[in-house]
């Protein structure tokens, strides 16, 4: 296992524009993905972007199985998405609570597109082209924001909808994404 430190909000490396991955299916890329999977699993997250562990590349992973932290969330297949392109399919947006491994202990009400198409490549170079909605769309947008130096608090419309999880949701065990 190779669990990496997850950078926290305030670290300038989280604010950079990540670079395209020029070559896929390399030993270096596969090693990065092992690190990312191990780190995400150890932190019980649903997604992780390479910049969150200090690697400035356009690589995200995400996936949700049945998870007691997200009892109402749809299942999202485990996905590696490299050099992603997101295209909203409507102007419809919805606000929902988000957390982040890079903003531990906090939650915020974040607007996201409800329907989108995402495209990119997997670690072997195979094309990924999916149309998604709901929680799946939210997770993809959250993770891909990291590739553009955006943390979810930057998207909150009203800062009264941002705070510590234990204060916002007393008596509830709410973890970071």
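The values are calculated or read from the model by the stated rules, or taken from the named source; none is laboratory data. If you're wondering where the values come from, they're calculated on a predicted model, not measured in any experiment. So basically every Cβ, Gly included, is an ideal-geometry build from the backbone, and we count neighbours across all protein chains shown.
Against the conditions (1) part of a strand (DSSP E or B); (2) closer than 29 Å to residue 5 by Cβ; (3) in contact (Cβ under 8 Å) with a residue 40 or more places away in the chain, residue 166 satisfies every one except (1). Comparison of 91, 65, 96 shows that the only residue that is over 14 Å from residue 143 (Cα atoms), surrounded by fewer than 21 Cβ atoms within 10 Å (Cβ to Cβ), in contact with a helix residue (DSSP H, G or I) (Cβ under 7 Å, 6 or more places away or on another chain) and without any contact (Cβ under 8 Å) to a residue 60 or more places away in the chain is 96.
Taken over region 103-117, residues that are surrounded by fewer than 22 Cβ atoms within 10 Å (Cβ to Cβ) and in contact with a helix residue (DSSP H, G or I) (Cβ under 8 Å, 6 or more places away or on another chain) amount to 9. Consider residue 116 carefully, then state whether it is outside any loop (DSSP other than H, G, I, E, B), within 15 Å of residue 136 (Cα to Cα) and at pLDDT 95 or above. So residue 116 fits the description; yes. Applying the condition of being farther than 28 Å from residue 89 by Cα and surrounded by 16 or more Cβ atoms within 10 Å (Cβ to Cβ) to region 122-173 and asking which residue is nearest to the chain's Cα centre (by Cα) yields 165.
Restricting the search to region 7-27, which residues are surrounded by 11 or more Cβ atoms within 10 Å (Cβ to Cβ) and either over 28 Å from residue 126 (Cα atoms) or free of Cβ contacts under 8 Å to residues at least 24 places away in the same chain (or both)? Result: 7, 8, 9, 11, 13, 15, 26.
Are there any pairs, at least 6 apart or on different chains, whose C-beta atoms fall under 6 Å, with the first in region 32-57 and without any contact (Cβ under 8 Å) to a residue 60 or more places away in the chain and at positive phi and the second assigned to a helix (DSSP H, G or I) and surrounded by fewer than 24 Cβ atoms within 10 Å (Cβ to Cβ), and if so, which? From region 32-57, the pairs are 54/13. Condition (residue is at pLDDT 95 or above, in contact with a helix residue (DSSP H, G or I) (Cβ under 7 Å, 6 or more places away or on another chain) and assigned to a loop (DSSP other than H, G, I, E, B)) applied to region 126-149: is it met by at least one residue? The answer is yes, given that some residue of region 126-149 is at pLDDT 95 or above, in contact with a helix residue (DSSP H, G or I) (Cβ under 7 Å, 6 or more places away or on another chain) and assigned to a loop (DSSP other than H, G, I, E, B).
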